[in-house]
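What follows is a set of notes on a single structure, which appears directly below.
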Amino acid sequence: MGRYPLFADLSGLPVLVVGGGSVAERKAAALLDAGARVRVGAPQLHHALAQWAVEGRIEHLEGEFQPAWLEGVWLVIAATDDRAINAEVAACADARRIFANVVDDPGLSSFQVPAVIDRAPLTIAISTAGAAPVLARRLREKLEAELDHALGPLIALAQRHRPAIARRLPDLAARRRFYDWLHDGPVMALMRNAQPEQAEQTLLEALREPAQTRVSTGSVVLVGAGPGAPGLLTLQALRALNEADVILHDQLVSPEILALARRDADRVDVGKRGGGKHTPQEHVHHLLLQHAQAGRRVVRLKGGDPFVFGRGGEEMEFLRQHGIAFEVVPGITAAIACAAYAGIALTHREHAQSVRLLTAHGKGSLETMDWPALAQDRQTLAIYMAVARLDTLTANLLAHGCAADTPFALIENGTRPQQRVLRGTLQQLPALARRHAIRAPALLILGTVAAMADDNAWFGTLLRDSGAA
């Protein structure tokens, strides 16, 4: 081990930053966050540093570096763009046995400032001993995606009740099991759901119970997988996938997203396919209940967003009725993602002041639509699952006054490598879709904003016929 890691308590202690530029500003900000009394020595100060000096948050030592600035300080950071000055600061600090860091110069430094993941009171520091700070930053970014933001509040809660936990559970093995339960059970879930009072009450109730009655309870997370591109998965969705024991996933969830999940999680395909394998919703409910009651962490993984033309609302109500703890992780819905990947703004002050999200599949669907309202201009229609009913959609819109030359964009496999965007006008829609063999999954965008794809499409393939508006 080339460096000895430690975490320094600088609360109320004087520290020195030499330099007044943007780098010095970042170092001073981190030291202020740690509670240090920060002195900044420089002829002039960068904007924020100057403001902090006026506000009294830092002390400004004006002028060129002087060894006397080091009197009484506990550590120093040299952040000037002059290596000679930085070397002088390091030498003077070394003579006084003061730890010094010279930014981007490990050879002059007696300590390195690590890349930090802050989940206070949990702090994770990553160092390459100054050899490759960019790689340390990349590793920090990877870990940031893995670590739940509720960890900090959970650790703070455990810290407050640590004496009571130790008294109630003197046996070390039992205490370890209790801390595992804190992380894996309802206390962590309540913290994640921004319900700290209920989390604390649950912890206190558990301490009053016999240890053998405390069992791990299952839970369900309704997760939106987004439109298909793995890069559009949210951090919270990724964490849920990494913690899952069981994943019940839809057909539209891409293999690339499933590959990001915990390796030993059970994957169950509960997709609904027209003309093919079909999983009844009642069976999905049964699986959710069965696995959760068995103490498993279940992820119900749905394409797009669980609450936009999915069954997330029905599943949430079912779980609540059966007393199963649940969370919801929204996903980027297809209308937003597919439009963006086709270079289309769903709203635009010159074209559309509203967006309607519609589905051409489901209970009632086209039969219950308000066609006169849908045929009005200065709006955008985003229609899900429309490919099989393009003839009916087109005929009804034209019959109720929608202009025949209204632009459309039909986006097949939106956000995925095989994305195709078909452009044309409403009167051409069914014929063009057949000519280009557009298949589900595809999203239809209708309105003048759809023409934006002609100039702004940036991803996948753009298909345009000569009659496109």
Output the antiparallel fraction of DSSP beta bridges having both residues in the chain, as a percent to the nearest 5. 35 percent
Mind checking region 24-130 for chymotrypsin sites (Phe, Trp or Tyr not before Pro) that DSSP puts in a loop (not H, G, I, E or B) and that have at most 16 other Cβ atoms within 10 Å? W74
Around A335, under 14 Å between beta carbons, what's the net of Lys plus Arg minus Asp minus Glu among the other residues? 0
Using a basic spin-label model with each label point 7 Å from the Cα along Cα→Cβ, how many nm lie between R26 and T347? 3.6 nm
Value of D in µm² per second that Stokes-Einstein yields for the chain, Kirkwood Rh from Cα pairs, at 4 °C (1.567 mPa s): 48 µm²/s
Using DSSP, restrict attention to beta bridges with both residues in region 241-374 and report what percent are antiparallel, rounded to the nearest 5. 20 percent
In a solvent-free Debye calculation with one equal scatterer on each Cα, what is log10 I(q)/I(0) for region 219-332 at q = 0.14, 0.19, 0.22 Å⁻¹, listed in the order of the q values? -0.48, -0.93, -1.27
Which percentage, to the nearest 5, of the DSSP beta bridges contained in region 320-460 is antiparallel? 75 percent
Any idea what the relative contact order of region 219-332 is, in percent, if you count C-alpha pairs under 8 Å spaced at least 6 apart? 44 percent
Just rank T128, T394, fewest to most, by other beta-carbon atoms within 10 angstrom. T128, T394
If the label point is 7 Å along Cα→Cβ of E200, which residues in region 129-164 have backbone nitrogen under 14 Å from it? 153-162
Just grab the label-to-label distance for R435 and H400, each label 7 Å out from Cα along the Cβ direction, in nm (one decimal). 2.8 nm
Per the charge dipole of the chain (beta-carbon charges, Lys/Arg positive, Asp/Glu negative, Cα centre), the residue among A34, A164, A131 reaching farthest to the positive end is A164
Taking the dipole about the Cα centre of region 335-464, with the C-beta of Lys and Arg at +1 and of Asp and Glu at -1, give me whichever of T380, Q427, A437 is farthest to the positive side. A437
What angle, in degrees between 0 and 90 and rounded to the nearest 10, separates the Cα long axis of helix 83-95 from the longest principal axis of the Cα atoms of the chain? 50 degrees
The chain: relative contact order as a whole-number percent, Cα under 8 Å and 6+ apart: 9 percent
Fewest-first ranking of R96, R167, using other Cβ atoms within 10 Å as the exposure measure: R167, R96
Relative contact order computed over region 335-464 (Cα-Cα under 8 Å; 6+ residues apart), in percent: 33 percent
Label L135 and H183 with points 7 Å out from Cα along Cα→Cβ: what is the distance between them in nm? 2.7 nm
Under a point-charge model restricted to the Cβ atoms of Lys and Arg (+1) and Asp and Glu (-1), what is the dipole moment magnitude of region 85-146 relative to its Cα centre, in debye to the nearest 20? 140 debye
In debye to the nearest 20, how big a dipole does region 28-111 give about its Cα centre with +1 on each Lys and Arg Cβ and -1 on each Asp and Glu Cβ? 280 debye
Can you give me the Cα centroid spacing of region 324-350 and region 392-450 in angstrom? 18 Å
Where the centroid of each part is defined by its Cα atoms, how far is region 114-177 from region 80-113 in Å? 30 Å
Positive-end residue, region 219-332 charge dipole about Cα centroid, Cβ charges, pick of M316, G271, L222: G271
Rounded tilt (10° steps) of 151-160 against the dominant C-alpha axis of the chain: 50 degrees
Place a +1 charge on the Cβ of each Lys and Arg in the chain and a -1 charge on the Cβ of each Asp and Glu, then give the dipole magnitude about the Cα centre in debye, rounded to the nearest 20. 1240 debye
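Each value in this text was obtained by applying a stated rule to the coordinates, not by laboratory testing. Remember, predicted model here, so these are calculated numbers, not experimental data. Cβ: placed from backbone, ideal geometry, glycine included. Neighbour counts: every protein chain shown.
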